Amino acid sequence: MRYVAPSILAANFNKLGLDIEMINQSAADFVHCDIMDGVFVPNISFGIPIVQAVNEISKKPLDVHLMIVNPEKYIEDFYRAGASVITVHSETCPHLHRVIQQIKSCGIKASVCLNPHSPVSLLEDVIEELDMVLLMSVNPGFGGQKFIENTYRKVAQLKEMILQRNSQTLIEVDGGVNFEVGKKLYEFGVDILVAGSFVFNSENPIETIAKLKQL
Ligand code: DX5
Ligand code: ZN
């Protein structure tokens, strides 16, 4: 599949509503919400009330990326705020299998994220449980960073694992995505591209989103 999830971390928070309207009118498939706690990652973004406010006007499902410690404490809150997909980081979950079940028991899609240093093999025993895997292609915490090239290799490994296990798991990549990177990622088997600064800093975000889907 070829889906695009604009990350509102790069939106203008003075006019967040207008940026959500823009996404509503675009070919985007999800709204990617980056939740940062200043502990797991060295930055603080926004939390549950903002996700809820976005959900009230968004026509696109919310893809909520939790870059927080102890994510199991907040799964139900983000579900109630409107998340359609919740992603937790493998690095924050000693009991990953349990957290995946917790997300699924809300009736929404469960996803696990791997930091650039975390091997794909960590997911071998849960891959069939997952609706999506998010591969970080930058170190999480900030938008506008440079794409890490090793991500292509990880996508290929993950794709092979998914095919071998006959699983339906989708692959999402997050960080430093632009047209060139996105085209290559689709060729390697990625299903969902997250793009923050590339979309919101472009002259015509609606056109950029449409082009990202048609690479
Ligand atoms: C990074 C976030 C990303 C970020 C991507 O920690 O998880 O979703 O918004 O931003 P760009 O596309 O600018 O790299
Ligand atoms: Zn993200």
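The values are calculated or read from the model by the stated rules, or taken from the named source; none is laboratory data. What you are looking at is a predicted structure, and each value in this text was computed from that prediction instead of being measured. Glycine also receives a Cβ, built like all others from the backbone with ideal geometry; neighbour counts cover every protein chain displayed.
Annotations for the structure displayed:
- Single condition HIS117 does not satisfy, out of (1) over 28 Å from ILE209 (Cα atoms); (2) more than 15 Å from the chain's Cα centre (by Cα); (3) touching a residue at least 12 places away in the same chain (Cβ under 8 Å): (3)
- Residues located in segment 94-111, provided they are out of contact with any Leu (no Cβ under 7 Å at 6 or more places or on another chain), within 18 Å of VAL69 (Cα to Cα) and of a type in the set (A, V, I, L, M, F, W, C): LEU96, VAL99, ILE103
- Taken over segment 192-206, the residue count meeting the criterion of being surrounded by 15 or more Cβ atoms within 10 Å (Cβ to Cβ) and of a type in the set (S, T, N, Q) is 2.
- The set of residues in segment 175-191 that are surrounded by fewer than 24 Cβ atoms within 10 Å (Cβ to Cβ) and either of a type in the set (A, V, I, L, M, F, W, C) or at pLDDT below 95 (or both) comprises PHE179, VAL181, PHE188.
- Extreme residue, farthest from ligand 1 (Cβ to nearest atom), among residues of segment 174-205 that are within 15 Å of THR151 (Cβ to Cβ) and of a type in the set (D, E, K, R): GLU187
- Within segment 1-34, tally of residues that are under 18 Å from VAL64 (Cα atoms) and under 16 Å from the mean Cα position of the chain (by Cα): 17
- Any hit, segment 35-44, residues being more than 15 Å from ligand 1 (Cβ to nearest atom) and over 16 Å from the mean Cα position of the chain (by Cα): no
- The single residue among LEU134, LEU114, LEU130, LEU122 that is surrounded by 19 or more Cβ atoms within 10 Å (Cβ to Cβ), away from ligand 2 (no atom under 13 Å from the Cβ) and within 20 Å of ARG165 (Cα to Cα) turns out to be LEU130.
- Residues that are surrounded by 15 or more Cβ atoms within 10 Å (Cβ to Cβ) and small (Gly, Ala, Ser) number at least 1 in the following strands (runs of 3 or more DSSP E) confined to segment 1-98: 3-6, 83-89.
- Residue pairs whose Cβ atoms lie under 6 Å apart, separated by 6 or more positions or on different chains, with the first residue in segment 129-157 and in contact (Cβ under 8 Å) with a residue 40 or more places away in the chain and the second outside any helix (DSSP H, G or I) and within 7 Å of ligand 1 (Cβ to nearest atom), are LEU134/ASP174; SER137/GLY175; SER137/GLY176; PRO140/VAL41; PRO140/MET67; GLY141/VAL41; GLY143/GLY196.
- Conditions (1) surrounded by fewer than 20 Cβ atoms within 10 Å (Cβ to Cβ); (2) under 20 Å from VAL31 (Cβ atoms); (3) under 14 Å from the mean Cα position of the chain (by Cα): number failed by GLY144: (3)
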